[in-house]
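Working notes, structure below.
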Amino acid sequence: MTECDRNVVLRADDVCVQIPTPAGPVTPVDHVSLELRQGEVLGIVGETGSGKTVTCRSLLGLMPSPRATHTGTVTYPGVVDDNVLAVGRKGMRRHWGNYIAMIPQNPMTSLNPVHRIGAQIEEAVAAHSTMSRAERRSRVVELMSRVGIPVPEKRLRDFPHQFSGGMLQRTLIAIALAGNPQVLVADEPTTALDVIIQDQILSLLIDLQRDLGMSLILVSHDLSVIAQICDRVGVMYGGQLVELASTERLLRRPQHPYTAALLKSLPGAVPRNEPLATITGAPPRLVNLPPGCRFVPRCSHVEPACAEWETELIPVGGAARGSLVRCRRHAELELSTPADGISYDATPAETDRSGPIVGVHAG
Amino acid sequence: MAGWHLIGRRLVQLIPIVVGITIVSFVLIRIVPGDPATLILGNHYTPEGAAQIRKSLGLDQSVIVQYGRFLRSALTGSFGHSYSLDASVGHLISRGLGATLFLIAMAGFFTALLSIPIGVFAGLHRGGIFDQSTRVFLLIGFALPGFLLGVVLILVFGVKVPILPINGYGTGFLSHVRHLILPSITLAIPFSTVLVRSLRSSVIETMSADYVTTALLKGIPWRRVVLRHIVRNAGMSVVVVFGVNLAFLVGGTVVIENVFSIPGLGSLLVNAVSTRDYPVVQGLTLFFALFVLLVNLLTDAVHIAIDPRLAAG
Ligand SMILES: Nc1ncnc2c1ncn2[C@@H]1O[C@H](COP(=O)(O)OP(=O)(O)OP(=O)(O)O)[C@@H](O)[C@H]1O
Ligand code: SF4
Ligand SMILES: [Mg+2]
């Protein structure tokens, strides 16, 4: 079987999410299409406010506000063939936790402060099973030790405020695993944690993904993390996917000027004595967006026609076949890549990731 | 535990407030025009008789001495002897206390019965038809003075469709309940508006909490998400609002007991003020102050008991 034939476990097709606000409609997800295949790790990278969280939640059928509107479809082929975005809370209930689960961005606020850790995991265990109380308890202990919480028999009586950030995130991973889901969406699972803990949690996630054969969507604003772990990468900018490619192709032959700029700003992309590249200008605010390419104000390859261009994800030919890119000039551009500066083999511990996160802040 | 330590500290802080309240009431009732001796004698007034009564009541002594005597009687629990009724103030309070507590309890019960479902439902379905119509209810309940509402209820359920008693307290538990339905609803409606408001906004706020998303995505029934994660948590802040306002309810009972002629502490207070029955007024004010304080402490205790973060400090 070739890579492309592998089963698709989640498909998003032209998803848009819009939120009405007093300042005008906000569009945090703008024509996002992607496929997640059985057993793969798909990375999504993008700077703050690029719509990663809203995108992730829409993949589970959640809207950012009751007044948000959506178009496009999300399906779990063979499991939910109706549009997940339209199925509703009631219909999605038996798939949440059971087929698809999410690990949130902020572990500190994602557990209920008034219930004990053990009870909160047990609730997830009980959601899709008919186990007896004793069986549930032992499953809770098993889950807790699987995610690396020491002395689980004792700590399950703790309340969330007695746990560290890393331990809370482990708890949330245990909750996500409770129903043996096939798809895991991890929304920046380590951003809120200390650097040392970040590596532990990432290794744990990858470990679990391989052991349990899950498909994983891993969101990060740190391209070097993504590069080490993921099979494929989607780059988000201003609510859109601007490039989607295998990790190797993305790193060797970036097709979008934004991706190329991201790569150049990675630590290790340039010799030590030169300063890291930064992208000048600020990312777009997603209110009242004009038509045309989102990257126009910051692109070094911009042409007047870019501002009128109705953007679409274009399949790339030639050496980078298989990639998708949202740039009308990608074929003519010869984007330079940092010379073999980045390792992308999946061994998180080997590469030094203590450098600054991708430097794409307003310069 | 640190949370309970906090209650101890609150208690100590509140002592000067209680003492302050007794001083203010002590002085105020003496500033109000009208002399107890004159009122007691009525048509038999003679300056000599009045002077003698004042002397026997100790009113000829300095205010400081009088206050000292009041404090001493308060410590023994008798609060002194009433001028106009032949009983100790302590006895009068214990006689009226039952009706007042019964009234407050029923008002609290109706308030919870009314505001919990309305507040939760309006919050869960924010902007819906129910939520919109709740606003009208809130506006009416909030704008209407308590006694006016009482009069309206008396006219409707006591006069037009006479199904409920409109005055007195009755004898026996069931009769008490029947007699207190209208007065306690009169108290509960304005009280509910406060609670519905705070519960509704608390529910709305809690609904967007990250832990609610976590709970929802476990795949548990929505009912369970609502009860264990939304209402449970939204309720924590509303308990405080409930406690603070329950204490205010004591003030409300004074008016409502008179509207419905209930022989409780409120009626006792109004009578005592009009006859310038100083010991009764003083004793009752101190008692009300202690009651409010007790309700506040109870509220704190409940809050600590239901929020594990507070118990641990
Ligand atoms: N409920 C909402 N109402 C209005 N705007 C919203 C809402 N939720 C998200 N947004 C807007 O949508 C945009 C995308 O938000 P999102 O949280 O998806 O970004 P993100 O890529 O996850 O960022 P971060 O890296 O900070 O987590 C932001 O500009 C945000 O202001
Ligand atoms: S379409 Fe134009 S502005 Fe947009 S990324 Fe390509 S070259 Fe730059
Ligand atoms: Mg986010």
Evaluation of A:PRO25 against (1) modelled with pLDDT under 95; (2) under 24 Å from A:GLN105 (Cα atoms); (3) within 11 Å of ligand 1 (Cβ to nearest atom) (one fails), failing number: (2)
Filter result (without any contact (Cβ under 8 Å) to a residue 60 or more places away in the chain, in a helix (DSSP H, G or I) and under 23 Å from the mean Cα position of the chain (by Cα)) within segment B:151-189: B:VAL152, B:LEU153, B:PHE173, B:LEU174, B:SER175, B:ARG178
Pairs, first touching a residue at least 12 places away in the same chain (Cβ under 8 Å) in segment A:49-69, second hydroxyl-bearing (Ser, Thr, Tyr), C-beta under 7 Å, six or more apart: A:SER50/A:TYR237
Selected residue (criterion: nearest to the chain's Cα centre (by Cα)) from residues of segment A:90-111 that are at the interface with another protein chain (Cβ under 7 Å from one of its Cβ atoms), touching a residue at least 24 places away in the same chain (Cβ under 8 Å) and surrounded by fewer than 22 Cβ atoms within 10 Å (Cβ to Cβ): A:ASN106
Test: residue in segment B:234-243 that is facing chain A (nearest Cβ under 10 Å), over 16 Å from the mean Cα position of the chain (by Cα) and among the hydrophobic types (A, V, I, L, M, F, W, C): yes
Pair list, Cβ < 9 Å and 6+ apart or interchain, from segment A:10-39 residues that are within 14 Å of another protein chain (Cβ to nearest Cβ) and within 16 Å of ligand 3 (Cβ to nearest atom) to residues that are among the charged types (D, E, K, R) and not in a strand (DSSP E or B): A:ILE19/A:ARG67
Segment A:223-271 - residue that is open to solvent by 20 Å² or more (accessible area, probe 1.4 Å) and in a loop (DSSP other than H, G, I, E, B) and, of those, farthest from ligand 2 (Cβ to nearest atom): A:PRO271
Helices (runs of 4 or more DSSP H) lying entirely in segment B:191-309 (those with 2 or more residues that are aromatic (Phe, Trp, Tyr)): B:232-259, B:278-306
Residue satisfying condition, being at pLDDT 90 or above and closer than 29 Å to A:GLU35 by Cα, within set A:ARG285, A:ARG326, A:ARG353, A:ARG321: A:ARG326
Entirely in segment B:1-117, the helices (runs of 4 or more DSSP H) that have 1 or more residues that are loosely packed, with under 14 Cβ neighbours inside 10 Å: B:2-31, B:47-57, B:63-76
Any hit, segment A:70-87, residues being of a type in the set (D, E, K, R), open to solvent by 10 Å² or more (accessible area, probe 1.4 Å) and within 14 Å of another protein chain (Cβ to nearest Cβ): no
Filtered residue count, segment A:169-198, keeping only those that are farther than 17 Å from A:ARG136 by Cβ, in a helix (DSSP H, G or I) and open to solvent by less than 10 Å² (accessible area, probe 1.4 Å): 3
Residue within segment B:283-301 that is open to solvent by less than 10 Å² (accessible area, probe 1.4 Å), in contact (Cβ under 8 Å) with a residue 60 or more places away in the chain and of a type in the set (Phe, Trp, Tyr) present: no
Residue check, B:ALA188 closer than 30 Å to A:LEU177 by Cβ and open to solvent by less than 40 Å² (accessible area, probe 1.4 Å): no
Failed condition for B:TYR211, given (1) facing chain A (nearest Cβ under 10 Å); (2) over 30 Å from B:TRP4 (Cβ atoms); (3) open to solvent by less than 50 Å² (accessible area, probe 1.4 Å); (4) among the aromatic types (Phe, Trp, Tyr): (2)
Per-region count, segment A:161-174, residues within 11 Å of chain B (Cβ to nearest Cβ), over 24 Å from A:ASN98 (Cα atoms) and under 28 Å from the mean Cα position of the chain (by Cα): 1
Flag if B:GLY264 is under 30 Å from B:LEU124 (Cβ atoms) and open to solvent by less than 10 Å² (accessible area, probe 1.4 Å): no
Where a residue in segment A:296-320 is β-branched (Val, Ile, Thr) and its partner, wherever it lies, is modelled with pLDDT under 90 and more than 16 Å from ligand 1 (Cβ to nearest atom), with Cβ under 7 Å and at least six apart: A:ILE314/A:HIS330; A:VAL316/A:SER323; A:VAL316/A:HIS330
Unique residue being within 14 Å of ligand 3 (Cβ to nearest atom) and β-branched (Val, Ile, Thr) when the list is A:THR73, A:THR53: A:THR53
Any hit, segment A:49-62, residues being surrounded by fewer than 19 Cβ atoms within 10 Å (Cβ to Cβ) and more than 14 Å from every other protein chain (Cβ to nearest Cβ): yes
Segment A:112-145, subset under 24 Å from A:LEU202 (Cβ atoms) and either facing chain B (nearest Cβ under 9 Å) or in contact (Cβ under 8 Å) with a residue 60 or more places away in the chain (or both), residue surrounded by the most Cβ atoms within 10 Å (Cβ to Cβ): A:ALA124
Segment B:214-229: number of residues that are more than 10 Å from chain A (Cβ to nearest Cβ) and either touching a residue at least 24 places away in the same chain (Cβ under 8 Å) or of a type in the set (Lys, Arg) (or both): 2
Of all residues making up segment A:203-222, the number that are buried (at least 22 other Cβ atoms within 10 Å of the Cβ) and in a helix (DSSP H, G or I): 1
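The values are calculated or read from the model by the stated rules, or taken from the named source; none is laboratory data. Quantities reported herein were computed from a predicted structural model and do not represent experimental measurements. Neighbour counts are summed over all protein chains in view; Cβ atoms, including those assigned to glycine, are modelled from backbone coordinates with ideal geometry. The protein model used for the area step is the full one, side chains on, heavy atoms only, and it has no ligands, DNA or RNA in it. Shrake-Rupley method; radii C 1.70, N 1.55, O 1.52, S 1.80 Å.
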